[in-house]
């Protein structure tokens with residue numbers, strides 16, 4: 001690292017907390033804010049300074065990392081009453097790493113630039129494990145020189161790639177989420193089919209891991225499905241938000257993407273059945289529910 005930077009992190013939940021931790025451990029001076037202060041408190045022991053408001057957190061900071069739950073929440077925290085963007089110094093770098101829609105990203109970028117701020121939409125993939133291990137895939141949209149300015153910070157959290165102009169990082173994340181969601185659906189169906197046909201689904205998964213069907217979804221989420229470990233790394237409600245956003249972009253572009261529509265419907269059914277706060281791998285339960293197989297007490301209908 002060339003020189004420590006003064007950075008703020010807004011949002012210290014499942015993903016934001018380990019990301020902030022890695023920034024601190026890389027030697028940066030980090031201030032943090034979270035709506036629920038208790039979720040930010042453990043970062044004080046790592047060396048972070050805790051702020052009472054988003055505006056206080058960003059004051060005097062050269063860069064601000066935003067890891068909040070949605071586009072509307074980012075809008076509120078950045079540009080609402082007492083919003084953080086208005087407290088940032090002109091020329092500061094605003095890096096929104098939350099999963100937001102493409103149009104949300106381009107809209108926030110324009111408003112940021114009007115305040116003299118530099119902008120990157122830089123959503124991530126890799127889940128809580130990737131956040132802890134600083135191995136996240138980071139998809140950045142914005143100007144090339146702003147990406148270069150942010151590179152050391154981003155590299156402390158994972159593997160950044162500059163996709164293109166503002167909004168293209170958000171679009172790349174939607175492409176990622178479509179791929180993840182549809183693969184979760186395929187793995188869920190495969191394990192249900194294996195069990196219903198009389199095969200041991202755990203042995204089937206083990207065999208598939210050595211062949212062409214291997215994927216990280218089969219490896220990590222397949223294990224979650226078999227062990228019924230649905231503690232949220234990526235909650236199903238957030239996966240649904242992303243598939244909905246991807247469908248909106250597809251509609252804007254005049255595309256017919258039937259697999260996206262089907263997968264979005266499956267996650268909508270999971271959320272409606274009571275699985276909103278379960279990990280998105282809990283789509284396996286929805287596949288079992290619709291086939292009248294036991295699902296335990298994970299869902300309201302269980």
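What to note about this one:
- Between 256, 277, the distinction of being under 26 Å from residue 123 (Cα atoms) and touching a strand residue (DSSP E or B) at 6+ places or on another chain (Cβ under 7 Å) belongs to 277 only.
- Of the strands (runs of 3 or more DSSP E) lying entirely inside the range 87-173, none contains at least 1 residues that are at positive phi, in contact (Cβ under 8 Å) with a residue 40 or more places away in the chain and touching a helix residue (DSSP H, G or I) at 6+ places or on another chain (Cβ under 8 Å).
- Criterion applied to 203, 247, 290 was being free of Cβ contacts under 8 Å to residues at least 60 places away in the same chain and closer than 27 Å to residue 98 by Cβ, and the one residue passing it is 247.
- Among the candidates 78, 68, residue that is in contact with a strand residue (DSSP E or B) (Cβ under 9 Å, 6 or more places away or on another chain) and part of a helix (DSSP H, G or I): 78
- Residue ID - surrounded by the fewest Cβ atoms within 10 Å (Cβ to Cβ), chosen from residues in the range 43-63 that are assigned to a helix (DSSP H, G or I) and more than 21 Å from the chain's Cα centre (by Cα): 45
- Set side by side, the residues 63, 109 differ, and just one is farther than 22 Å from residue 18 by Cα and touching a strand residue (DSSP E or B) at 6+ places or on another chain (Cβ under 6 Å), which is 109.
Values in this text are rule-based calculations from the coordinates and carry no lab data. Keep in mind it's a predicted model, so treat the numbers as computed, not measured. Every residue, glycine among them, receives a Cβ derived from its backbone with ideal geometry; neighbour counts consider all protein chains shown.
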